[in-house]
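The values are calculated or read from the model by the stated rules, or taken from the named source; none is laboratory data. All figures in this text were calculated on a predicted structure; none of them were measured in a lab. Ideal geometry is used to build each Cβ from the backbone, glycine not excepted, and the neighbour counts take in all protein chains shown.
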Amino acid sequence: MYTLINYLLDNELALIGLGRAPVNALGHTLRQELQAAFRQASADPAVKAMVVYGHGLPFSAGADLAEFDGAAFATPSLPDLLIELAGSDKPMVAAIGGLALGGGLELAMACGYRIGESKARLGLPEITLGLLPGAGGTQRLPRLVGAETALDIILSGQPLRPERALELGLLDRLAASADTLLDDARAYARELLQAGAPAQPAAPHAAPGDALPANYFTAYTAGKASQWKGQLAPHLVIEAVRIACEQPLEVGLPRELELFVEAMESPQSKALRHLFFAEREAAKVPGIDASLPLRPIKKVAVIGAGTMGGGIAMNFVNIGMPVVLLEQKREALDRGLAQIRKNYEITAKRGKLTQEQVEQRMALLAGTLDYADLADADLVIEAVFESMEVKRQVFATLDEVCKPGAILATNTSTLDVDQIAAFTRRPQDVIGLHFFSPANVMRLLEVVRGKQTALDVLATALKLGKQIGKLPVVSGVCYGFIGNRMLEPYAREAHRLLLEGATPAQVDRVLTDLGLAMGVLSMYDLVGIDVGYLIRTPLRESLASDPSYYRVSDELYALGRLGQKTGRGMYIYEGRERQDDPEVLAIAERLAAELGIQRREITDQEIHDRCLFALINEGIQILDEGIALRAGDIDLVWTCGYGFPTVLGGPLHYAEDLGLERVLAGLRQYRAQLGAYGEQWFQPAALLERLVATGQTRINKQ
């Protein structure tokens, strides 16, 4: 009768086991069968109570997001199903093992009683997808735990541990262990029957708004205004919880659903759901499946104990893997090890590590000045100066000292991984692992696949990236890979606009108003104008045809104005405070005169279009060349690594929302308008032209 439900009678109990692998997503078929099982148990006079649990699986990780892009939810919808379950005339116990997230927790709350095991996690993470709970979460949770606590839970999106859920009243009982969860749930159900407990107990906070101060929701919203800048979902959550405080449940539930649909249909939620699915697609690489044997990685070596090398080393130490850190000089090695310890000590002071854990991690870290100590490493990651000659020396040495089968990785951000691989006699073992700074914090990891990189090396790198908590995205070999290659035209336009009449503050404001974490010129000041200068150095000969290329930044470099570290760059810095600098405007005016560039008033719209369309166009070209496997991979790189707003879904998703025709028209406009400069830099990507010509609205390879 059932394909996704394990229905079993245990004397007076009906045991309803949810069995949709892997996480009991509450899709249409599971909802249908759960409804049928509930009705079967409700109609059976021998059944006095029900226990709902995950049959060999987590309780439920929530709704099936794949359904969210359909025209309508198939019957029964989750909200309707949970209203039916909550109206049961027989006690229902939710036995929560593993996960009860989103719709899964809403299912548990629709049951009258809840018991969880010690490793369970309970939460409502919808806000992370630009949504709000739409199947009773904003209405039932305030009645269980109070309005203030409910708001905190919903707006944080973070799961609760079972001990905290018990303390708040979200759980009624804790099972002795995960193994005994179902037995404990059955015992609890029988205890309820013996006590004559009602099917639905009285809500602990039946009037959740009574304890709130006047104007609570208005004040709460005002206090979060800067944090929620431009976001829709938090405001809808506030409205839903306010309704829960002011209206009966039967009024609040349909209003909650209306607000949910408003959020679901918003561009912001569509963008966030796009990124959600893009993360899952990023792990899929042609030719790699679960049957491919991976290379064992039990010891890692990192070359370079600077900020980047130290951060990389911490990633592996954090998962209990021994690391040997190599430097040329003792002072540099000692400084690097001391900085790693300092980082851990800071974490310990914040209460996120114990002192014992600090010492355990430091014990996994060994320093050396001798390449011979890398002989037994399974993975070696080079994080030295960004110079091909330096890389050549390192990899030629590694080729001599490393054992056969060791993976040799470079952390280069722009250099040719194939050329680096050619410095060895084992190019099949060489791969790019481009960490982003700070490497122990930033989630993105560009995994750069060389022409000869072995498939098992790539697969091992992808799995290891996940193990250390990164989001690995595969890139082919080209200058700058995905992220930095796209950064170049984006930043180029920002710099060129300074010559044409824009100010640094105006350029950065347009970008931050869009939602970017930082304006591109502020970012160069933060990273260091010298860093950008040195990265551009290999390109100068090929770019001699554009004498305006990054000229303002080059001038600042020549003046020793390197950004925040020297107190002056595009801006003047006093501590963390930033001020506009009239000298930069004077430099831009002088250079424009020398180059024959006529200055004019630049509109915010032009700044937006030139910077963003250049960025988008380069991304589409990268996709067309096969450097990136998918448009979603490009969006992940830019949202996770460069601060592109997640509520816009990444540059290519944003282009789809703007309209590909508009992007193409803008590129053609500036190609015609900007003379020789436009001819050189605003050539639309061939893929973009093909997509528009065939009426496509989504970016995909053709």
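Identify the residue in segment 450-466 that is of a type in the set (Gly, Ala, Ser) and in a helix (DSSP H, G or I) and, among all such residues, is surrounded by the fewest Cβ atoms within 10 Å (Cβ to Cβ).
Going through the qualifying residues, I end up with Ala459.
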Could you tell me which of the residues Glu446, Glu493 is more than 19 Å from the chain's Cα centre (by Cα) and not hydrophobic (A, V, I, L, M, F, W, C)?
Glu493
Those residues of segment 532-563 that are under 20 Å from Asn484 (Cβ atoms), among the polar types (S, T, N, Q) and at pLDDT below 95 come to a total of 2
Name every residue in segment 519-563 that is over 32 Å from the mean Cα position of the chain (by Cα), among the small types (Gly, Ala, Ser) and surrounded by 14 or more Cβ atoms within 10 Å (Cβ to Cβ), in order of residue number.
Ser548
The lone condition Val417 fails out of (1) surrounded by fewer than 16 Cβ atoms within 10 Å (Cβ to Cβ); (2) among the hydrophobic types (A, V, I, L, M, F, W, C); (3) more than 19 Å from Ala313 (Cα to Cα) is (1)
Quick check: anything in segment 604-618 over 20 Å from Glu679 (Cα atoms) and either surrounded by fewer than 24 Cβ atoms within 10 Å (Cβ to Cβ) or out of contact with any Asp or Glu (no Cβ under 6 Å at 6 or more places or on another chain) (or both)?
yes
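Test Gly432 against the criterion of being at pLDDT 95 or above and in a loop (DSSP other than H, G, I, E, B), and give yes or no. Even if it seems obvious, please write down each step before you answer.
On the way: at pLDDT 95 or above: yes; in a loop (DSSP other than H, G, I, E, B): no.
Considered against the rule, which asks whether it is at pLDDT 95 or above and in a loop (DSSP other than H, G, I, E, B), Gly432 comes out as no.
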Look at Ile407 and say whether it is surrounded by 18 or more Cβ atoms within 10 Å (Cβ to Cβ), out of contact with any Leu (no Cβ under 6 Å at 6 or more places or on another chain) and of a type in the set (Val, Ile, Thr).
no
May I ask you to verify whether Thr128 is surrounded by fewer than 24 Cβ atoms within 10 Å (Cβ to Cβ) and without any contact (Cβ under 8 Å) to a residue 12 or more places away in the chain?
no
Do the conditions hold for Thr3, that is, is it part of a helix (DSSP H, G or I) and more than 23 Å from Ile115 (Cβ to Cβ)?
no
Of all residues in segment 628-640 being assigned to a helix (DSSP H, G or I) and either modelled with pLDDT under 95 or of a type in the set (A, V, I, L, M, F, W, C) (or both), the one that is farthest from Met442 (Cα to Cα)
Ala631
Note on segment 6-32: residues closer than 14 Å to Phe59 by Cβ and outside any strand (DSSP E or B) are Gly19, Arg20, Ala21, Pro22, Val23, Asn24, Ala25, Leu30
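Do we find a residue being on the phi > 0 side of the Ramachandran plot and either crowded, with 23+ Cβ neighbours inside 10 Å or among the polar types (S, T, N, Q) (or both) anywhere in segment 467-481?
Checked against the condition, which is being on the phi > 0 side of the Ramachandran plot and either crowded, with 23+ Cβ neighbours inside 10 Å or among the polar types (S, T, N, Q) (or both), segment 467-481 yields at least one hit.
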I'd like to verify a number: residues in segment 1-17 that are more than 9 Å from Val47 (Cα to Cα) and of a type in the set (Gly, Ala, Ser), how many?
1
Only one residue in Ala283, Ala332 is surrounded by 12 or more Cβ atoms within 10 Å (Cβ to Cβ), without any contact (Cβ under 8 Å) to a residue 60 or more places away in the chain and hydrophobic (A, V, I, L, M, F, W, C), so which one is that?
Ala332
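Criterion first (farther than 25 Å from Gly632 by Cβ, surrounded by 22 or more Cβ atoms within 10 Å (Cβ to Cβ) and either assigned by TED's automatic domain parsing to the domain that holds Pro651 or out of contact with any strand residue (DSSP E or B) (no Cβ under 9 Å at 6 or more places or on another chain) (or both)) does Glu327 satisfy it?
Numbers: farther than 25 Å from Gly632 by Cβ: yes; surrounded by 22 or more Cβ atoms within 10 Å (Cβ to Cβ): yes; either assigned by TED's automatic domain parsing to the domain that holds Pro651 or out of contact with any strand residue (DSSP E or B) (no Cβ under 9 Å at 6 or more places or on another chain) (or both): no.
No.
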From the list Phe217, Phe260, Phe277, which residue is loosely packed, with under 15 Cβ neighbours inside 10 Å, outside the structural domain of Gly641 (by TED's automatic domain parsing) and part of a helix (DSSP H, G or I)?
Phe277
Among the helices (runs of 4 or more DSSP H) lying completely within segment 474-529, list those that include at least 1 residues that are at pLDDT 95 or above and in contact with a strand residue (DSSP E or B) (Cβ under 8 Å, 6 or more places away or on another chain).
483-500, 520-527
Residues Leu81, Leu144: which one is assigned to a helix (DSSP H, G or I), under 30 Å from Asp179 (Cα atoms), aliphatic (A, V, I, L, M) and in contact (Cβ under 8 Å) with a residue 60 or more places away in the chain?
Leu144
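What are the residues in segment 156-191 that are in a loop (DSSP other than H, G, I, E, B) and loosely packed, with under 14 Cβ neighbours inside 10 Å, if any?
Once the filter is applied, which keeps residues that are in a loop (DSSP other than H, G, I, E, B) and loosely packed, with under 14 Cβ neighbours inside 10 Å, segment 156-191 yields Gln158, Ala176, Ser177, Asp179, Thr180.
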Output for Cβ contacts, cut-off 6 Å, separation at least six or different chains, first residue under 21 Å from Leu85 (Cβ atoms) in segment 176-201, second in a loop (DSSP other than H, G, I, E, B) and of a type in the set (Lys, Arg), reads Leu193/Lys48; Ala199/Lys90
Residue hits (segment 98-129; part of a loop (DSSP other than H, G, I, E, B) and farther than 20 Å from Glu191 by Cα) are Gly98, Gly102, Ser118, Lys119, Ala120, Leu124
Does Asp609 satisfy being under 21 Å from the mean Cα position of the chain (by Cα), under 21 Å from Leu511 (Cβ atoms) and among the charged types (D, E, K, R)?
no
Restricting to segment 84-97, count the residues that are in a helix (DSSP H, G or I), out of contact with any Lys or Arg (no Cβ under 9 Å at 6 or more places or on another chain) and either outside the structural domain of Gly17 (by TED's automatic domain parsing) or not aliphatic (A, V, I, L, M) (or both).
0
Can you name the condition, by its number, that Pro204 falls short on among (1) in contact with a helix residue (DSSP H, G or I) (Cβ under 7 Å, 6 or more places away or on another chain); (2) not in a loop (DSSP other than H, G, I, E, B)?
(2)
Given (1) within 23 Å of the chain's Cα centre (by Cα); (2) of a type outside the set (S, T, N, Q); (3) buried (at least 24 other Cβ atoms within 10 Å of the Cβ), number of the condition Asp152 does not satisfy
(3)
Of the conditions (1) closer than 30 Å to Leu9 by Cα; (2) surrounded by fewer than 17 Cβ atoms within 10 Å (Cβ to Cβ); (3) in contact with a Leu (Cβ under 9 Å, 6 or more places away or on another chain), the single one that Pro204 does not satisfy is (1)
Among the residues of segment 37-50, which ones are touching a strand residue (DSSP E or B) at 6+ places or on another chain (Cβ under 8 Å) and assigned to a helix (DSSP H, G or I)?
Ala37, Phe38, Gln40, Ala41
Looking at segment 72-92, which of its residues are aliphatic (A, V, I, L, M) and either under 35 Å from the mean Cα position of the chain (by Cα) or surrounded by fewer than 23 Cβ atoms within 10 Å (Cβ to Cβ) (or both)?
Ala72, Ala74, Leu78, Leu81, Leu82, Ile83, Leu85, Ala86
